[in-house]
Amino acid sequence: MGNPASNSKNQPTIRFQSSLLGAIALAGVGCSSDVPLTAVNYPEANTETGTLYLAKCGHCHVAPNPGGRTERDWFTVVQRMQVRMRSRGVPPLDKAELGVILDYLQRHADGRDNTAGTQ
């Protein structure tokens, strides 16, 4: 009798089990709690404002980079997300949070005219 592992009938099962274990291991790496969830590229990430933004806007999805949209776009996106949160039973941002987060996004928006109001 030979080694059962060398039997050709066992090889597909062994390959499947190895593939399954590999897939589980890769999935575990992607969800590892050892990987920090905060990105160093977020402006003001370590401030109260940045922390609020990441907590509120990164609760259900990855918080988008504020520089990825214009000021006007952010107003529309935030209003749309308020509606989406309500429809999913998630408490929307309160007035204070809404103001802080919208200000944060618009300050760091793409194409912001930083010279507005200055002479």
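The values are calculated or read from the model by the stated rules, or taken from the named source; none is laboratory data. Keep in mind it's a predicted model, so treat the numbers as computed, not measured. Virtual Cβ from ideal backbone geometry, glycine too; neighbours counted across all protein chains shown.
Data table
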| quantity | calculated |
| --- | --- |
| Any hit, segment 86-93, residues being hydroxyl-bearing (Ser, Thr, Tyr) and out of contact with any helix residue (DSSP H, G or I) (no Cβ under 7 Å at 6 or more places or on another chain) | yes |
| Residue that is nearest to the chain's Cα centre (by Cα), among those in segment 46-63 that are exposed (fewer than 15 other Cβ atoms within 10 Å of the Cβ) and assigned to a loop (DSSP other than H, G, I, E, B) | 62 |
| Any chance residue 83 is surrounded by fewer than 15 Cβ atoms within 10 Å (Cβ to Cβ), at negative phi, aliphatic (A, V, I, L, M) and at pLDDT 95 or above | yes |
| Of all residues in segment 95-119 being outside any helix (DSSP H, G or I) and farther than 20 Å from residue 41 by Cβ, the one that is modelled with the lowest pLDDT | 119 |
| Segment 68-94, subset among the aliphatic types (A, V, I, L, M) and not in a helix (DSSP H, G or I), residue farthest from residue 42 (Cα to Cα) | 90 |
